[in-house]
1. Is region 161-178 home to any residue that is more than 30 Å from Ala201 (Cα to Cα) and among the polar types (S, T, N, Q)?
Amino acid sequence: SDVDSKNTETTQKPAPADSTDSQPADRAAIAQQRKVKRKEARRWWIKLVMQPALLFLCGVLLIVGLGMAQRLGWITAGGSGGDNHPVAAGEDVRYICPMMCTPPQSEPGRCPVCAMELVPASGGGSSDSRSVQIDPASRRVANIHTVAVTSMTMTRTIRTIGKLNYDEGTLKTLSAYVDGRLDRLYADYTGIVVKKGDHLALVYSPRL
């Protein structure tokens, strides 16, 4: 009976729970690994997208900053500022737009039309105050071409529509001094050419 009771006791003992307890731990570890992988993938995508975006943004800011600095006059294109041009003593300096948008100005600054920096232009000679002299670099930028002055006849053909009318200063009204009628009219249309001594009309009158 003792043996039977021991056997029953041994048979009634529960099975070890190691396998059932290890399954939740494995699941938790797998879930943790998945979270870590997701974070790493997210960081990789952020690095992949953010780095080019930051470089592009820095380039845009640099270009905008240079443009604003040039517009405000802090820097000049090509380093050819108004102070770098030598000016002779007593020479009248005038400032012109490289694109020739406006007439020459007496003060430096920017063109009100194209916003380009005005460049100095000195007088071409003491006898002609209207002439200006532009340096070669500015001529290349403005694409200015010059030719020798020659005397020639200028012609221009204009095609248009209009109406020709008579000259009121030469219009005359001829009144007959006798009663009668016109038997025949020689100048019977507008624009006919008549000369001195030509017959204009044949008049019949009982008095004649």
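1. Taking region 161-178 and keeping what is more than 30 Å from Ala201 (Cα to Cα), we get 161-162.
Next cut, among the polar types (S, T, N, Q) only: none.
Looking through region 161-178, none of the residues is more than 30 Å from Ala201 (Cα to Cα) and among the polar types (S, T, N, Q).
Residue-wise test of (1) in the same structural domain as Ala69 (by TED's automatic domain parsing); (2) part of a loop (DSSP other than H, G, I, E, B); (3) modelled with pLDDT under 85.
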{"site": "Ala115", "(1), (2), (3)": "no, yes, yes"}
{"site": "Ser122", "(1), (2), (3)": "no, no, yes"}
{"site": "Arg130", "(1), (2), (3)": "no, yes, yes"}
{"site": "Arg156", "(1), (2), (3)": "no, yes, no"}
{"site": "Leu182", "(1), (2), (3)": "no, no, yes"}
{"site": "Ile192", "(1), (2), (3)": "no, yes, no"}
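So that you can scan it fast, the table gives a plain yes or no per residue for (1) surrounded by fewer than 10 Cβ atoms within 10 Å (Cβ to Cβ); (2) under 30 Å from Leu118 (Cα atoms); (3) at pLDDT below 85; (4) basic (Lys, Arg):
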{"residue": "Val49", "(1), (2), (3), (4)": "no, no, yes, no"}
{"residue": "Leu54", "(1), (2), (3), (4)": "no, no, no, no"}
{"residue": "Gly65", "(1), (2), (3), (4)": "no, yes, no, no"}
{"residue": "Met68", "(1), (2), (3), (4)": "no, yes, yes, no"}
{"residue": "His85", "(1), (2), (3), (4)": "no, yes, yes, no"}
{"residue": "Ala89", "(1), (2), (3), (4)": "yes, yes, yes, no"}
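The values are calculated or read from the model by the stated rules, or taken from the named source; none is laboratory data. Note that the structure is predicted; figures quoted are calculated from it, not measured. Virtual Cβ from ideal backbone geometry, glycine too; neighbours counted across all protein chains shown.
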